[in-house]
Amino acid sequence: MSDCHDEVCITCSDQAVPVVVVELRDHALALVDTGRGLEEVSVALVDARVGDTVLVHAGEALATTW
């Protein structure tokens with residue numbers, strides 16, 4: 001996992017942030033591009049594919065966007 005940057009961190013932020021799925025991994029995890037680096041998040045609650053933009057809060061993808 002990368003370090004938090006500035007006031008926003010997808011693993012501990014109070015808001016959902018859009019990120020792009022770069023790689024799907026085992027155990028319902030994905031590597032995502034935050035625009036500031038790569039982080040691993042859970043995609044257990046969404047049907048995510050590589051290239052999708054997902055909204056992530058507290059390390060969990062909550063929705064896909066179109």
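The values are calculated or read from the model by the stated rules, or taken from the named source; none is laboratory data. Note that the coordinates shown come from a computational prediction; the quantities given were computed from them, not determined experimentally. Cβ coordinates were reconstructed from backbone atoms using ideal geometry, including for glycine residues, and neighbour counts include every protein chain displayed. Remember, those area values only see protein heavy atoms, side chains included, never the ligands or the DNA or RNA. Shrake-Rupley method; radii C 1.70, N 1.55, O 1.52, S 1.80 Å.
Under 18 Å from a label point set 7 Å out along the Cα-to-Cβ vector of Val20, the amide N atoms of the stretch 29-53 belong to 30-41, 48-53. Arg49 contributes about 150 Å² of solvent-accessible surface, heavy atoms of the protein only, 1.4 Å probe.
Each of His27, His57 has its accessible area taken with a 1.4 Å probe; listed largest first, they run His27, His57.
The heavy atoms of Asp14 offer some 150 square angstrom of accessible surface to a 1.4 angstrom probe.
Between Leu38 and Thr64, the simple label model (points 7 Å from Cα in the Cβ direction) yields a spacing of 2.1 nm.
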